[in-house]
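The next block holds one structure in the form of structure tokens; read it before the comments.
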Amino acid sequence: MVFFLTFFIGIILVIGIIFYLIFGYTNKKTFAVRSQILSGTKTFLAHWKYDNINIADYQPFGSGLTLYKKKLADVKEIYICLDGILFGDVVFYSWNRLATFKKLEIKAGNPPSIHFKIEYGSGDSETINEFYIPIPEEKEIEAKSVVDTLSSFVQFDR
């Protein structure tokens, strides 16, 4: 009985440590990127502010942002960079050299949005994350410029 209790507690501790490392690293990265942007040492393609838009409402079920859905409801600004998107002070969603974009397009709607569909890995170990960034009013031309710039920078599945 003691063995099972020790084993169970060990598993819970390992899972807790893993979650702490994942979220701790994410928070540290988010804070670092936000500090770099605000200090001017990191460039960005767009800075959009939202008054009446809840970014969380635009994310599909199973999105790469699902873990942050509750916190995304409070996000009032985003920074789109060449290597990812900073959602307020909640999360920096990064794509790296190993990511392949399946889609990067502007979807019509009210408001229109940028549709990201990104694959990480390949074959049996691939993970696909899909999410939408609503485009604020009067930022459609800037959004087109962002999509064009990212399209020339990121790797696409052709």
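For the residues E126, E137, E77, E105, a 1.4 Å probe over the protein chains yields an accessible-area ranking, largest first, of E137, E126, E105, E77. Along the axis of the charge dipole computed for the chain (Cβ charges of +1 for Lys and Arg, -1 for Asp and Glu, origin at the Cα centre), the listed residues I18, V146, V90 are led at the positive end by I18.
Computed over the chain, the Cα gyration tensor eigenvalues convert (square root of 5λ each) into semi-axes of 32, 19, 16 Å, ordered from largest to smallest.
Legend: calculated FRET efficiency, S145 to D74, from the Cβ-Cβ distance at R0 = 35 Å, rounded to 0.05, equals 0.80. Note on surface exposure: T6, T41 rank T41, T6 by accessible area, highest first, 1.4 Å probe.
Using a basic spin-label model with each label point 7 Å from the Cα along Cα→Cβ, how many nm lie between N27 and E138? Once both label points are built, they end up 3.8 nm from each other. Working from label points 7 Å from Cα in the Cα-to-Cβ sense, the F153 to K49 distance is 2.3 nm.
Basic side chains Lys and Arg get +1 at the Cβ, acidic Asp and Glu get -1 at the Cβ, and with that the dipole of the chain about its Cα centre reaches some 360 debye.
With R₀ set to 22 Å, the beta-carbon distance separating D57 from T127 gives a calculated FRET efficiency near 0.40. Express in Å², to the nearest 10, the accessible area of I17 obtained by rolling a 1.4 Å probe over the protein heavy atoms while all chains stay in place. We get 100 Å² for I17.
The values are calculated or read from the model by the stated rules, or taken from the named source; none is laboratory data. Keep in mind that what you see is a predicted model, and the values were worked out from it rather than measured. Neighbour counts run over all protein chains shown; Cβ positions are idealised from the backbone, glycine included. Remember, those area values only see protein heavy atoms, side chains included, never the ligands or the DNA or RNA. Shrake-Rupley method; radii C 1.70, N 1.55, O 1.52, S 1.80 Å.
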